[in-house]
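First comes the structure, then the notes that go with it.
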Amino acid sequence: MKHFVFISDMFADTYRGGAELTTDAIMRGAHIDSNIAIGKIPSHAVTVQQIEKGKDVHWIVCNFSALNSDVKIKMCKESVYSIIEYDYKFCSFRSVEKHKAITKSECDCLNDFEGKLNMAFYGYAQKIWFMSEGQKNIFIKYMPHLKNNNLEVLSSIFYPGDLRFMSSIKDNEKENPYIILKSSSWIKGTQSCIEYAKENNLDYELVENLSYHELLIKMSTAKGLIFRPLGNDTCPRIVIEAKLLGCDLKINDFVQHKDEEWFSSQQSCYDYLFNRVDKFWKHYE
């Protein structure tokens, strides 16, 4: 029996963000294998003592902003762990563009103690899974010491049942306005999306507080999605969902997966995404 414990700031049962939904899909995908045991711990609750006791555990570290520094040091020294990197946690703003926008200077977070510790934390990982090629390349630029054979693009992950649901509604008539996600997150650039819609005379509707499947149904009848982040967004799920649902996309170059081969058509998206959970778990066989 192989033991995997996922560490993350939040999980999908408390917050249904894109990273949490990908983590959830990966965890659920493990249940088809009876030789894998899965656990999870919020990052703020992980202790050095738990790491000491988990000698037979392969830790899967997701968002780790709340992970204690002593725990990171302990894991570097003694643990086997992988990282699923959803953004840019080597930067205190989790975005080098946001760092520059707020401080008016380039990201230098790797120069302080926490930055150097994070550099080591990434370096000692057995595997780092990225969301896009563009994201991986930025990590290599800032941390050239990373071993290339330990780095791999996974992309956002979808539970097969959700992919089948989207496939069943993708041909709905597209008669409603473009959708803009109403978000308080700086990176999502809600206001810039609104300005883009007005400048281009596009009818739009702001959406928020919908359940996951309500949002998918809403998108299935929309003309398209306007999503123009203010900084690099590694592999935004809502853009992928819109593509899977046949929406017209009004996106910019900060959508980092947009030029990857698998994203070139609706069908190639389905073909690619149906295999990603297996891609992850086959690595650990």
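The values are calculated or read from the model by the stated rules, or taken from the named source; none is laboratory data. Please read all numbers here as calculations on a predicted model, not as lab measurements. So basically every Cβ, Gly included, is an ideal-geometry build from the backbone, and we count neighbours across all protein chains shown. The area values use the complete protein model at the heavy-atom level, side chains included, leaving out ligands, DNA and RNA. Shrake-Rupley method; radii C 1.70, N 1.55, O 1.52, S 1.80 Å.
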Given (1) in contact with a Gly (Cβ under 9 Å, 6 or more places away or on another chain); (2) touching a residue at least 40 places away in the same chain (Cβ under 8 Å), LYS72 misses just (1)
Residue hits (segment 168-185; open to solvent by less than 70 Å² (accessible area, probe 1.4 Å) and over 17 Å from ALA242 (Cβ atoms)) are SER185
Segment 189-283: helices (runs of 4 or more DSSP H) wholly inside it with 1 or more residues that are hydroxyl-bearing (Ser, Thr, Tyr) and free of Cβ contacts under 8 Å to residues at least 60 places away in the same chain are 190-199, 212-220, 266-273
In the set ASN149, ASN118, ASN137, the lone residue that is at pLDDT below 95 and in a helix (DSSP H, G or I) is ASN149
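Could you say which residue among SER43, SER69 is more than 21 Å from TYR159 (Cβ to Cβ), open to solvent by less than 10 Å² (accessible area, probe 1.4 Å) and of a type in the set (Gly, Ala, Ser)? I'd like the intermediate steps shown before the answer.
Details: SER69 fails: open to solvent by less than 10 Å² (accessible area, probe 1.4 Å).
Going through SER43, SER69 in turn, just one is more than 21 Å from TYR159 (Cβ to Cβ), open to solvent by less than 10 Å² (accessible area, probe 1.4 Å) and of a type in the set (Gly, Ala, Ser): SER43.
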Flagged in segment 52-66 as touching a residue at least 60 places away in the same chain (Cβ under 8 Å) and either among the basic types (Lys, Arg) or open to solvent by 60 Å² or more (accessible area, probe 1.4 Å) (or both), in numbering order, are none
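Looking only at segment 72-88, which residues are outside any helix (DSSP H, G or I), aliphatic (A, V, I, L, M) and open to solvent by less than 10 Å² (accessible area, probe 1.4 Å)?
To start, the set of residues in segment 72-88 that are outside any helix (DSSP H, G or I) comprises 79-88.
Within this subset, residues satisfying the condition of being aliphatic (A, V, I, L, M) are 80, 83-84.
Selection gives ILE83, ILE84.
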All conditions in (1) within 19 Å of ALA197 (Cβ to Cβ); (2) out of contact with any Cys (no Cβ under 7 Å at 6 or more places or on another chain) are true of LEU146 except (1)
Condition first: of a type outside the set (Lys, Arg) and part of a helix (DSSP H, G or I). Can you find one or more residues in segment 53-63 that meet it?
no
Note: among SER105, SER95, just one is open to solvent by 30 Å² or more (accessible area, probe 1.4 Å) and either among the basic types (Lys, Arg) or farther than 21 Å from GLN50 by Cβ (or both), namely SER105
Matching residues in segment 163-185 (at pLDDT 95 or above and either closer than 30 Å to TYR81 by Cβ or part of a helix (DSSP H, G or I) (or both)) number 7
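Given the criterion in contact (Cβ under 8 Å) with a residue 60 or more places away in the chain and out of contact with any strand residue (DSSP E or B) (no Cβ under 8 Å at 6 or more places or on another chain), identify the matching residue among SER156, SER132, SER105. Talk me through it step by step, then tell me what you get.
Working: SER132 fails: out of contact with any strand residue (DSSP E or B) (no Cβ under 8 Å at 6 or more places or on another chain); SER105 fails: in contact (Cβ under 8 Å) with a residue 60 or more places away in the chain.
Among SER156, SER132, SER105, only SER156 is in contact (Cβ under 8 Å) with a residue 60 or more places away in the chain and out of contact with any strand residue (DSSP E or B) (no Cβ under 8 Å at 6 or more places or on another chain).
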Within segment 4-38, residues surrounded by fewer than 17 Cβ atoms within 10 Å (Cβ to Cβ) and either at pLDDT 95 or above or part of a helix (DSSP H, G or I) (or both) come out as ARG28, HIS31, ILE32
Residue in segment 202-214 that is of a type in the set (Val, Ile, Thr) and closer than 24 Å to TYR15 by Cβ present:
yes
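Mind telling me which of the residues LYS182, LYS147 ends up being within 25 Å of THR22 (Cα to Cα), among the basic types (Lys, Arg) and in contact with an Asp or Glu (Cβ under 7 Å, 6 or more places away or on another chain)?
Details: LYS147 fails: in contact with an Asp or Glu (Cβ under 7 Å, 6 or more places away or on another chain).
Of LYS182, LYS147, the one residue that is within 25 Å of THR22 (Cα to Cα), among the basic types (Lys, Arg) and in contact with an Asp or Glu (Cβ under 7 Å, 6 or more places away or on another chain) is LYS182.
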Practice task
Tell me, yes or no, whether segment 197-207 has at least one residue that is open to solvent by less than 20 Å² (accessible area, probe 1.4 Å) and touching an Asp or Glu at 6+ places or on another chain (Cβ under 6 Å).
Solution key: no
